[in-house]
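Accompanying notes for the structure given below.
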Amino acid sequence: MVETFAPEQISLGQWNRTLLHRQHLLTRIDDDAIEVIDRCVGLQSQDPRAAHYGLASRIVDYDPADLDELLTSREVVRMVSLRSTVFLTDAQDARWIRELAQPRVSTEIAKAHVPRLTAADPTDIAEQAREELAGQELSVRELGVRLQRRWPDEPASTLSGVARCALKLVQIPPRGLWASGGGGTLRYSLFDDWVGPGEPALTGDEAIRDLIRLYLRGFGPATVKGVQTWAAMTGLKPHMEAMLADWELIAYVGPNGEKLYDLDGLDIADADQPAPARLVAPFDNVIAVQADRARIADPELYRKTITPNGRSPGFVLVDGRLAGSWTVVDGTDVRVEYFTEVMPAARREVDTEVDLLEALLNS
């Protein structure tokens, strides 16, 4: 195998600034929301407003109506995807990425739902749910009640949970719309009913390799573990090594001697490039699910963001690194908690970001 291993070592500062540059967190860009969503390989959307916050930190003069339009026109969807979590993704990418995610999503059925079933078979539940949802939209409660007609002794929440994992279900608007407050009743539609029937654009090894390409474009350079943790997939190293041998990828030495993979031809940012303060969205993939988190957060500070109920606060970045968290209070006010000493000039930068977010919340 040919090793395309770059001789220089990337510093922690270069690794950090390259990530922030590719995530548009160094300088906001004047671009369409759909383009930014694609470059981020989708946005986390467990919190129905999180994607709006994520775009507001990346786009100049972000208007939530732009994402609302993408959701209502069905160009983007909110659905269970990688790691069995809710992503907001380009609808056409969502189709093939969900196929890759299905083994991990199916694990949730076996571990979380099957132990709660008394007799029903998950395959039968999925088929019955498909019949119930065909051509119509149902709330989680409505779906559970309908499934209980056949399995009255099973918990409705478990029956609907199996359906959520076994079928491609879109969480349809108004949930996720800024205009509706982000929340609202969670209602499902079958993916093919909502977007239209079709086959995945990519399958098999080519789909796996394209997912690697997308991740490195948006989050690289990265370790194998970094890609695998984000995707909740294993066995990616042989693919990445083959792509390296084909000169599609290049490898660097990380700040602690780790092997970092990247798409050949992409630039590494300068370590001294300014990194203005940013309020990063709850659950944002730039920090929340990162085996390579050391490039953006100290472990002891990140632990302060972990909550007993599993909900994520927003993240405060100062000079490109985690310095605190933020939350919305009373629907319109942003409260910041610092985890470390932050100088007055940096606090003023954070205050400016708070003002921008509060203006959005009050719009």
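The values are calculated or read from the model by the stated rules, or taken from the named source; none is laboratory data. Everything numeric here is computed off the predicted structure, so don't read it as measured data. Backbone-built Cβ (ideal geometry, glycine too); neighbour counts: all protein chains shown. With ligands, DNA and RNA removed, areas are computed over all heavy atoms of the protein, side chains included. Shrake-Rupley method; radii C 1.70, N 1.55, O 1.52, S 1.80 Å.
Residues checked against (1) outside any helix (DSSP H, G or I); (2) not acidic (Asp, Glu):
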residue	(1), (2)
Ser160	no, yes
Tyr188	yes, yes
Asp192	no, no
Ala207	no, yes
Leu211	no, yes
Gly226	no, yes
Trp230	no, yes
So, first residue closer than 22 Å to Val195 by Cα and among the polar types (S, T, N, Q) in the stretch 153-180, second residue part of a helix (DSSP H, G or I) and open to solvent by less than 30 Å² (accessible area, probe 1.4 Å), Cβ within less than 6 Å, six or more apart or across chains; the pairs are Ser160/Leu143; Ser160/Gly144
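What residue, among those in the stretch 137-160 that are in contact with a helix residue (DSSP H, G or I) (Cβ under 8 Å, 6 or more places away or on another chain) and open to solvent by 40 Å² or more (accessible area, probe 1.4 Å), is farthest from Trp230 (Cα to Cα)?
Our first condition is that a residue be in contact with a helix residue (DSSP H, G or I) (Cβ under 8 Å, 6 or more places away or on another chain); within the stretch 137-160, this holds for 138, 140-141, 143-148, 150-151, 154-160.
When the remaining residues are screened for being open to solvent by 40 Å² or more (accessible area, probe 1.4 Å), the result is 140-141, 145-146, 148, 150, 155, 157.
Numbers: Val140: 27, Arg141: 31, Val145: 34, Arg146: 35, Gln148: 35, Arg150: 38, Pro155: 32, Ser157: 27 Å.
Only one residue tops the list, namely Arg150.
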Of those in the stretch 302-321 that are part of a helix (DSSP H, G or I) and free of Cβ contacts under 8 Å to residues at least 24 places away in the same chain, the residue surrounded by the most Cβ atoms within 10 Å (Cβ to Cβ) is Thr305
Out of (1) surrounded by 19 or more Cβ atoms within 10 Å (Cβ to Cβ); (2) out of contact with any Ser or Thr (no Cβ under 7 Å at 6 or more places or on another chain); (3) in a helix (DSSP H, G or I); (4) not acidic (Asp, Glu), the one Met79 does not meet is (3)
Only unsatisfied item for Thr223, checking (1) over 23 Å from Val105 (Cβ atoms); (2) of a type in the set (Val, Ile, Thr); (3) in contact with a helix residue (DSSP H, G or I) (Cβ under 6 Å, 6 or more places away or on another chain), is (3)
Out of (1) at pLDDT 95 or above; (2) open to solvent by 50 Å² or more (accessible area, probe 1.4 Å); (3) within 22 Å of the chain's Cα centre (by Cα), the one Gln228 does not meet is (2)
